[in-house]
Structure formats: C-alpha cells, structure tokens
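Engineer: Below is the structure I would like to discuss, written out as structure tokens.
Each value in this text was obtained by applying a stated rule to the coordinates, not by laboratory testing. Keep in mind the model is a prediction, meaning the values are calculated, not measured. Don't worry about glycine lacking a Cβ; one is built from the backbone with ideal geometry, like all the others, and counts go over all protein chains shown.
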Amino acid sequence: MLPAADELAEVLLDLAVPHEDIGELVRMSRRVTDDPELRQALEASVAELVRGIGEIGTGLDLPELDWASGPLQRCFPVYVFVAALPYTRAYHRERGVPDEVSRRTLADLGRHMAVHRRRYGMAGVHAVWWFGHHFRGELYQLGRLQFERARLGLRTGTALAAAGLDVGPGTPCLNLHIPDFLGPLTPAACDRSLALAAEFFARCFPEEKYRVATCHSWLLDRQLTHYLPAGSNIVRFQQRFRLAREDKEPADTDPVEFVFGDPGLPVETLPRRSALERVVGDHLRSGGHWYHGHGWFEL
C-alpha cells in the first residue's frame, strides 16, 4: 500500500513534507511494510479514513498504534495519509477537482508537520484529526482561504433561521478556515478566494447548494476592534460576517498558538514584535480573555 522508497520520497515532496523529515520517513517505511502487525494497522487505518469518502461531517478516528517506537508512533499517520492518496485523488478526479487545487489542499499535511517540528524539534504530525477533512474530500484550499463542505450546527442554524434565512440546522454551508502561512489576510485576497470558491463548488459539487459561509474563530472576537485600526485586515475580515453567537468560555490558547506558534507559551513571555502580538499578549497580561466568535454571511 506504500510506494517504494524512491517513489515515497517524491510523494512526500509533493505533500510539502519538510525536507529534514523525508529521510527518516523513507527509512522507517520499511518497518511498516515488513512487519505484519504494522501492515495490518496501516490497512485498518486507511480503511477507516476512506470509508464513506466524500461524505460531510463524519470525522476521523484512526486506530491507535500500539508500538514502542516514539518516532514511528509520531509519524505513522503520515504513512496512513500516503497510503490513502490513491483513494483521495480518485475522488478528486471523479469530482473534477483541478490538479493544482488537489496538490495545494493536500500540501497542508507538510505545513502541519513543519508546525510539529518547529514546536517539538522532531518529526510528527500536528493535529492528525484535521486531515480527515482533506483526505476525505471535504476541504479545499482555494487561494488565501480553505473551504470546508459542512452543515449548519444546531445553534448556528437556529440563529440563521431566526435572522430570516431559509436555512436551519443541517443545511449545507461552507466553513471558512484561515491558514497562517499564506501572507496577509487582505480584502483582495479574501475576495479572490470567494470568487474561486463560487466557481469551484458550482463545477465540482453542483448538487450542493451553498447559501451561507460560516467561520468559527477567535479572529471574530469583537474585542479585536477595540485595539486594531478600522482599516486593518482582521477588522475588515470581521466586517464580512454577522455574528450568530459568541462563546462564553475563553479560548485564550488559540490566539497564542496562531500568533506565537505555541499554545503553551507563558503569557508573561509573549513577545511584542508586531501590532497583533502586542494586542493579543497585552490583553491577556491585563487579565482579559479571548473568545471564539461564530459568524456567517450569505453567498
């Protein structure tokens, strides 16, 4: 189920896996293919990953690898995703997903491996569960933003129905995600992404009619407008959305993770190199908290 060693290295390059991790992954792949127990675990994991491929909101719960090797435990999900690639690419071809969209979408795996290495100094996959969306055909990278085929939840769907929209819980929607590696979140970049998404989903998923886009993020915390200029990219991004609700439980580790790279950093040590770093860190140091906002706009 895994490519041969030389082919595996090329596949890992296509997935944007950090170069310093590729050699170790290629070497360890022989252990996976040669050991019957590991091979069985790989097959079971791939079967779980691709079961019902294309369905919305099924989640990902890969079997735990009961193996003593730390490096192999950390990297085993990479082999699962590589082995699942033929299924994912076949689904993309069936749906008419352009090759460049497929490539850029799946390269998110390498980005999260880079996050893992930056945070822990070793190879591994950060947020393994997240890639169920990519490899099951739910999420696509279209310009600056990622778009996830999703359905309105109970609270958001009820709020939108109360706002007068002909939608409700379970209605298809596009859930927007904001990767942290593609430069500024400019209005022009967001406009381009939304235009790409309109064309992409009409062509590749014509039977799914998306009435609304949603976003669930600390970037929609309205407290940011008290600190940032009205013309800042984040404030202008917020202005696209109407709030369905705001969480009451703090989500302080989210901005720390996405702004500073590590959710476990002590608040008192957070640097103040940029305007956003100063806003996030100073607010926390003053005793404040950050919260998720749940926003939407009509498409």
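Engineer: Between E94 and V11, what is the spin-label point distance in nm, taking each point 7 Å from the Cα along the Cα→C-beta axis?
Structural biologist: Placing both labels 7 Å along Cα→Cβ, they lie 1.9 nm apart.
Engineer: Here is a further query. Would you mind checking the range 239-268 for residues with the amide N under 15 Å from a putative spin-label position 7 Å along Cα→C-beta of R155?
Structural biologist: Flagged as within label range: 243-252.
Engineer: Using a/c under 1.5 as the rounded threshold, could you call the range 228-297 rounded, prolate or oblate? The axes a ≥ b ≥ c are square roots of the C-alpha gyration tensor eigenvalues, and prolate needs a/b larger than b/c, oblate otherwise.
Structural biologist: Taking the square roots of the gyration eigenvalues as a ≥ b ≥ c, the range 228-297 is oblate.
Engineer: Two decimals is fine: what is log10 I(q)/I(0) at q = 0.19 Å⁻¹ for the range 143-299, from a Debye sum with one equal scatterer on every Cα and no solvent?
Structural biologist: For the requested q values the scattering log ratios are -1.23.
Engineer: Between the range 65-107 and the range 237-254, how many Å separate their Cα centres?
Structural biologist: Spelled out, the Cα-based centre of one part sits 31 Å from the other.
Engineer: For C215, C204, which order do you get if you count the other beta carbons within 10 Å of each Cβ and list the fewest first?
Structural biologist: C204, C215
Engineer: While we're here: What angle, in degrees between 0 and 90 and rounded to the nearest 10, separates the Cα long axis of helix 19-34 from the longest principal axis of the Cα atoms of the chain?
Structural biologist: 50 degrees
Engineer: Another question, if that's okay. Dividing the Cα radius of gyration by the Kirkwood radius, what Rg/Rh value follows for the range 166-247?
Structural biologist: 0.99
Engineer: Then there's this: May I ask for log10 I(q)/I(0) of the range 1-140 at q = 0.16, 0.18, 0.20, 0.21 Å⁻¹, from a Debye sum over the Cα atoms as equal point scatterers with solvent left out?
Structural biologist: -0.80, -1.03, -1.29, -1.43
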